[in-house]
Amino acid sequence: MIFRTPGYYGKFRCIADKCTDNCCIGWEIDIDSETMDYYSSVGGSFGGRLKNSIKDGSFVLTEGERCPFLNSRNLCDIYTELGEAHLCQICTDHPRFYEWFGNVKEGGLGLCCEAAAKLILSEDMTLTETVIPDEDCDECDSGLYELLLSARDAIIKHLQNDSFPEAVCTMLDFGEELQFRIDNGDLTLPAWERTTQVETPDIQAIMEFYASLEPIDENWRPYMERCMAGEGRYCPEYEVYLRRIAVYSIFRFFMKGVFDGEILSRVKLAAVSAWMVGHLVLCEGRGADIAETAKNYSKEVEYSEKNLDALADAFYDEECFSTPRIMGMFADM
């Protein structure tokens, strides 16, 4: 089967104890069944430690929500005692993500990891393909797959090469028309053109909505409240990074539409996410680290199914997320 990834995918290396936002702290860590079987077979004192540190298929977090095998040097005792091959699947994969479309597997890096975020923001995305052994996966609608693949290629091309604000606005029109066609059984690609008039955005409503999302980090809501009091002003030097965030989001989420026919909310997610990261970093003040801001945003939004679902609904139900008003968010760029 084909394995399709961004060009930077193979460059990722975990920075382990040098990480300032360790993924072994503050996250529930589920153990896959194959690894659980192996852990149950481990003997000796370390085997006993394993058995005493697992409950209901997950590691029992210690004080400060630390993985029980994260030692005082912020290194993994399972890695050093049993080897990398015996980490559970989620620890092996993170921050990588995967999606399967028949005979195609796609993989990428999640923005919620600081090392991955720096990679994602460091270069424009180019996609590479290699051939790997076949893996078990469900078939998908080949006609819809080919349509969305062509649509995604077109979106990424325009985001990377056109005027960024204009490309985002046209992407939203493109998404509206493509969703209409899919809903009506028309699997043809729309033209890339602007049709919608821009409306004044409701920044306060957008910020309040994001502040209402279920927090993963306890600092999220206080942080959003501080940013509500600030004023973001567009800075051209950030544009290259916002482009890459939008492209990352389109690559990560757009093709999921093959399975549910939903693409407009994912187009809006790409636009709003790019704008939100730019707005938040400017509210923090000049000199703020945009990779750090993007990582924190991703952690709260992309790694909570509840928050992603809330946003998907809001993109249709909340006036502040209408297509004309999202376009208005980019009007001053």
Is one or more of the residues making up segment 308-317 over 24 Å from Gly7 (Cα atoms), surrounded by fewer than 23 Cβ atoms within 10 Å (Cβ to Cβ), in contact (Cβ under 8 Å) with a residue 12 or more places away in the chain and in contact with a Ser or Thr (Cβ under 6 Å, 6 or more places away or on another chain)?
yes
Need at least 2 residues that are at pLDDT below 95 and outside the structural domain of Asp217 (by TED's automatic domain parsing) per element, so show me which strands (runs of 3 or more DSSP E) inside segment 57-138 make the cut, counting only ones lying wholly within it.
none
Tabulated pairs, segment 184-208, first in contact (Cβ under 8 Å) with a residue 40 or more places away in the chain, second among the small types (Gly, Ala, Ser) and surrounded by fewer than 16 Cβ atoms within 10 Å (Cβ to Cβ), C-beta under 7 angstrom, 6+ apart or interchain
Leu187/Gly143; Leu189/Ser150; Val198/Ala331
When the residues of segment 84-109 are narrowed to those that are touching a residue at least 24 places away in the same chain (Cβ under 8 Å), out of contact with any helix residue (DSSP H, G or I) (no Cβ under 6 Å at 6 or more places or on another chain) and aromatic (Phe, Trp, Tyr), which ends up farthest from Thr35 (Cα to Cα)?
Trp100
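The values are calculated or read from the model by the stated rules, or taken from the named source; none is laboratory data. These numbers were taken from a predicted model, which means no experiment stands behind them. Cβ sites come from the backbone with ideal geometry, for glycine too, and all protein chains shown count toward neighbours.
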